[in-house]
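Every number here is computed from the coordinates shown, using simple stated rules; none is lab data. Source: prediction; values computed, not measured. Here the Cβ positions follow ideal geometry from the backbone for every residue, glycine too, while neighbour counts run over all protein chains shown.
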Amino acid sequence: MKKELIGMTKTDLESMVKSLGGEAFRSRQLYRWLYKNLVFEFENMTDLPRDLRDRVKQVASITLPVVERERISRDGTVKVLLGLQDGQHVEMVMIPQTRAGRHRYTLCISSQVGCPIGCPFCATGRSGFVRNLAVNEITGQVLLGLLRLRNSNTFETQGSATRLTNVVFMGMGEPFLNYSAVMKCIRLMNDPDGLNIGQRHITVSTAGEVRGIRRLAQEGLQVTLAVSLHSARDEVRDWLVPLNRKYPLSELEEALRFYCGVTKRRVTLEYVLLEGVNTSRQDVASLIDFARPLLCNVNLIPYNQIEKAEFRRPSPSTVLRFQQWLKEAGVNSVVREERGGDIEGACGQLRARVCFKPGRRITGKGRKING
Ligand code: SF4
């Protein structure tokens with residue numbers, strides 16, 4: 001079976017090139033083509049000798065997910081449906097932001113096909129779990145996002161460059177259940193000789209996978225950790241985030257204290273506001289008790305409606321009141337601006353409309369570009 005080049009580090013490429021009789025500097029050229037120049041066809045890697053290219057082609061291929069469909073929101077958010085080689089699908093979302101006249105994009109990527117956590121308010125969770133994504137499938141989303149920015153007129157803006165500045169693991173899946181692939185992708189993204197995305201511009205969002213939080217604390221990385229909390233009451237969280245039955249709030253809190261202690265980094269607590277479910281005085285009091293001892297910010301996310309869900313979006317006054325209660329208790333919070341809601345690209349809406357059955361092929365194949 002051929003090796004996959006996307007997802008290989010400098011060291012991986014060097015040992016492969018050397019094993020084929022090439023010199024080490026050739027592997028660095030290859031690395032630059034992939035991660036700096038975004039060139040994925042061997043024939044276009046013009047500074048590599050033809051015979052070396054042929055030898056690499058015989059043992060390795062370059063496989064990216066295939067863009068099968070795109071939906072563009074009124075606010076410019078782009079939701080992209082990607083086909084994988086085995087016929088499965090994932091989604092990524094590109095969210096534009098303009099600050100001080102500079103145009104930037106945040107890319108929200110997936111780490112698994114479906115999700116095993118099964119949060120009842122989330123379209124992905126309702127679809128079930130199929131498999132982990134491979135490193136090339138995760139890194140491939142970042143490469144495709146960058147390519148799209150480079151190639152598409154949609155992203156052309158007056159005078160100032162549009163850049164991909166942030167990557168968030170907030171698409172489909174629980175990143176810590178695909179830990180080693182996610183870490184490899186983070187290190188690739190962060191390499192100044194390649195994709196050069198700063199660690200502080202990368203966010204990993206977990207449903208509260210305690211072992212992953214503890215492992216991440218010891219990676220020596222400066223990425224941002226976000227936790228999908230959604231309730232600080234075990235009896236409510238057991239239902240909203242079923243992983244809570246395995247790792248109740250007391251264990252999660254202990255892991256977060258450990259994480260903050262080791263990294264000295266703030267964590268973000270994500271809190272989807274669901275009318276009549278987690279918006280009461282009692283809910284906010286529990287959230288305050290949970291958040292106050294931690295180094296954290298709270299992101300309040302008014303629920304985005306998905307089909308056939310029993311949950312409702314709270315009114316603006318409920319949201320404001322909830323935030324005011326937090327403020328009075330000295331807990332930092334922001335209400336996250338909704339992006340891409342009209343194309344179901346907002347938080348919790350991915351896979352809301354993809355016809356999906358676990359383990360079943362839908363359409364199309366991943367694109368094998370070479371080899
Ligand atoms: S909210 Fe996150 S953890 Fe929960 S089911 Fe959806 S993707 Fe999985």
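A few remarks follow.
- Per residue, the convex hull spanned by the Cα atoms of region 203-290 amounts to 80 cubic angstrom.
- Extension gain, residue 18-residue 324: 0.36 nm per intervening residue step, less the Cα-Cα distance, totals 104.0 nm.
- For region 65-367, radius of gyration divided by Kirkwood radius, i.e. Rg to Rh on alpha-carbons: 0.94
- The H on the amide N of residue 269, modeled in the peptide plane, is under 5 Å from the matching H of 227, 297, 298, 299, each at least 5 residues off or on a different chain.
- Size of region 64-105 as Cα extents on the principal axes (Å, biggest first): 43, 20, 10
- Here the Kirkwood formula, the inverse mean of 1/r across different C-alpha pairs, assigns region 1-142 a hydrodynamic radius of 17.3 Å.
- Rg and Dmax over the alpha-carbon atoms of region 52-207 stand at 16.0, 52 Å.
- Here the extension length gained between residue 2 and residue 163 equals 54.6 nm, from 0.36 nm per residue of separation less the Cα-Cα distance.
- Counted charge near residue 190, where neighbours are those whose Cβ lies closer than 12 Å (Asp, Glu -1; Lys, Arg +1): 0
- Residues listed by number, region 233-265, amide nitrogen under 20 Å from residue 289 label point at 7 Å toward C-beta: 233-241, 244-258
- Evaluated over region 3-63, the count of Lys pairs having alpha-carbon atoms less than 15 Å apart is 5 (only pairs 8 or more residues apart or interchain).
- Cα→Cβ-extended label distance, 7 Å offset, between residue 266 and residue 281, nm: 2.9
- Burial ranking of peptide ranges 316-322, 171-177, 288-294 (average Cβ count within 10 Å, highest at the top): 171-177, 288-294, 316-322
- Applied to region 13-22, the Karplus parametrisation 6.51 cos²θ - 1.76 cosθ + 1.60 on θ = phi - 60° returns per-residue 3J(HN,Hα) values of 5, 4, 5, 5, 4, 5, 5, 9, x, x Hz, with x for Gly and Pro.
- Here region 172-223 and region 99-134 have alpha carbon centers that stand 14 Å from each other.
- Direction-averaged projected area, Cα convex hull, region 1-79: 6.5 nm², rounded to one decimal.
- Under 5 Å from the amide H of residue 69 lie the amide H atoms of 81, each residue being 5 or more positions distant or on a separate chain, with H modelled from the backbone and absent for Pro and chain starts.
- Beta bridges per DSSP with both ends in region 65-367, % antiparallel, nearest 5: 45
- Hull volume in cubic angstrom per residue (convex hull over the Cα atoms of region 129-234): 143
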